[in-house]
Amino acid sequence: MRSISSKLILAFLSIGIASVAILFTTARSNTRSEFVRFLSDQTKKDIIEQLSIYHLKNGSWDGVERIFLLSKDPQQPGFGEIQPFQPFTLADENGNVIISNERYKVGDRVPESDLTLGVPITEDGKLIGILLPMRAPFEGKPREVEFIESTNRTLLYGALMAAIIALLLGIFLSRTLTRPIRELTRATHAVSQGDLSQQVPIRSNDELGELGKAFNKMSTELSRSVSARKQMTADIAHELRTPLSLILGHAEAVHDGVLPPTRENFEIIREEAARLEHLVNDLRILSLADAGELTISPQTIAPQRLLQEVAPLYQYQTQRKNITLELDITSHLPTIEVDPGRMTQVLTNILDNALHHTPEGGRIILGAKQVDDQIELSVQDTGPGLEAEDLDRIFERFYRTDSSRQREDGGSGLGLAIARSIVHAHGGQLSAETSTRLSPGSEAGIGLKITVTLPKKS
């Protein structure tokens, strides 16, 4: 298979040879024609000068044809140096032929159209004759022919040198242009064999540079995706193993008589089975969201109503931990078009996270406000907060931080990931930021604020 480098070399060479051939042919033709015209003009000038001298001496054109006859004999005096390389016709001031040639005979009347192409001969401002040059093949002197041939050889050598230069430039440019492609090809083969660390150098800002940047980004994202998939697989195995181990351990203990078949032991088995079912359901929701098959039934609803219906669900948990749950809702908000059930699931997942990390005596604020053409629903807590590098990653599946927000409860670790998938399915965005202290002078720790941004109903 012929490489793209070879094709480019052939293309450059073909273009170079074609261009040189055209230039050579044009220059050769123009050089010859211009030189012949120069000789013709010079000869006409000499003949007109000699004819003018003849008429001035003789007062008429009688016997003027001897100029052409004498010019062939270099021993004759007077006009022996005149050797025209093309025939001429001489007509008097009335257009009557004086010297004949193959086209006209003596006494013929030259057509007006041909007379306009002739060269007038004047004497004291008076027209005395017209010289009519006739086209004929070039038969120059040996030195003139040698000059034309020497010029043609020079043009030919220049054309050959230009073709060689075109070949060398074609090789250089083809290798320069295809170098990024070769690097991309090698990197692509390496990626196909499992080496996801491949990056190609970016040497330009043109289309090849953009292609290299796109490849590097794809390689980075692919490597991260594979790492995340491996980590998620390990996390799923871990999450499934924990409840399964407890269920299997207690069931075998009861079966073997190590543990009595009491209500408490069966309750442990039931709780772990429920936890396992919850994890499987979460994974199913995420798989549907990834496939774009998550069912959404949008309805028009007021943001304040959505928050007011969610807040009572956490009244018992907040009272038990002595946590204040507040609503901060801007009045007269426009409606939004969402699936109430799915959006309730988003808010409860966020609230579960906030409730778990907010210490006793802390506060959680459910907020809603309008920002430009969007509605922001927020959940703000007074927990320990997160480092800046963890803010964008808390929505990843099974992501854990090294801070006090590490998951220790029986949650699936998928709540915020599910919330993000549902919000994206509604055309919205989910973001997190470290919130400020909730009141001036408060010593409460800096918490976390998670914001759901949704378009208002048009």
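The values are calculated or read from the model by the stated rules, or taken from the named source; none is laboratory data. Owing to the predicted nature of the structure, the values given are computational and were not obtained by experimental measurement. In this analysis, Cβ positions are derived from the backbone assuming ideal geometry, glycine residues included, and neighbour counts consider all displayed protein chains. Quick note on the areas: whole protein, heavy atoms, side chains included, nothing else; ligands and nucleic acids left out. Shrake-Rupley method; radii C 1.70, N 1.55, O 1.52, S 1.80 Å.
Can you tell me the relative contact order of the chain? Whole percent, Cα pairs under 8 Å, sequence separation 6 or more.
Value for the chain: 10 percent.
Quick one: pull the percent of accessible area on the chain belonging to carbon and sulfur, 1.4 Å probe, ligands and nucleic acids left out.
Its accessible area is 54 percent carbon and sulfur atoms.
Per the helix-only calculation at 222 nm, which mean residue ellipticity applies to the chain, given -39500 (n - 2.57) for every DSSP H run of n ≥ 4 and division by its residues, nearest 500 deg cm²/dmol?
Dividing the helical sum by the residues of the chain leaves -18500 deg cm²/dmol.
Taking the Cα centre of the chain as origin and charging only Cβ (+1 Lys, Arg; -1 Asp, Glu), how large is the dipole, in debye to the nearest 20?
920 debye
Ala273 versus Asp195, label points 7 Å from Cα toward the beta carbon: distance in nm?
Reported label-point gap for Ala273 and Asp195 is 5.2 nm.
Would you work out the charge dipole size for region 174-294 about its Cα centre, treating the Cβ of every Lys and Arg as +1 and the Cβ of every Asp and Glu as -1, and quote it to the nearest 20 debye?
960 debye
Tell me, what ³J(HN,Hα) does each residue in region 255-269 have, in order and in whole Hz, if you take phi through Karplus 6.51 cos²θ - 1.76 cosθ + 1.60 with θ = phi - 60° and put x for Gly and Pro?
Values per residue, Gly and Pro as x: 5, 7, x, 5, 10, x, x, 8, 4, 5, 5, 5, 5, 4, 5 Hz.
Where does each of 421-429, 222-230, 346-354 land if you order them by average Cβ count within 10 Å, highest first?
Order by mean packing, descending: 346-354, 421-429, 222-230.
What nm distance separates the two modelled labels at Asn30 and Arg320, each placed 7 Å from Cα along Cα→Cβ?
Going by the 7 Å Cα→Cβ label model, 9.7 nm.
Under a 1.4 Å probe, what is the accessible area of the chain per residue, stated in Å²?
That works out to 61 Å² for each residue.
Out of all DSSP beta bridges with both ends in the chain, state the antiparallel percent to the nearest 5.
That works out to approximately 85 percent antiparallel.
Going through the cross-link list Lys7/Lys213; Lys369/Lys457; Lys321/Lys449, which pairs have a Cα-Cα distance over 22 Å in this structure?
Lys7/Lys213
Could you check the spin-label model distance between Glu93 and Arg182? Points 7 Å from the Cα along Cα→Cβ, value in nm.
8.2 nm
Which lysines, on any chain, are close to Lys44 with Cα under 26 Å apart, when same-chain ones fewer than 8 places away are left out?
Hits, sequence-local ones excluded: Lys57, Lys72, Lys105, Lys126, Lys141.
Given (i) 25.5, 77; (ii) 21.9, 73; (iii) 49.9, 155, which label gives Rg and Dmax of the Cα atoms in Å as computed from the coordinates?
Structure-derived value, by its label: (iii).
For region 277-324, state which GluC sites (Glu not before Pro) are in a DSSP loop and have at most 15 other beta carbons lying within 10 Å of their beta carbon.
Counting only loop positions with at most 15 other Cβ atoms within 10 Å, the GluC sites (Glu not before Pro) in region 277-324 are Glu293.
Enter the angle in degrees (range 0 to 90, nearest 10) between the Cα long axis of helix 4-58 and the first principal axis of the Cα atoms of the chain, meaning the one along which they spread out most.
So the helix axis and the longest Cα principal axis differ by about 20 degrees.
Using 0.36 nm times the number of residues separating Leu169 and Gln370, minus their current alpha carbon distance, what extension gain do you get?
66.1 nm
Given R₀ = 41 Å, what would the calculated FRET efficiency be for Ala11 paired with His424, taking r from the Cβ atoms and rounding to 0.05?
For Ala11 and His424, the calculated efficiency is 0.30.
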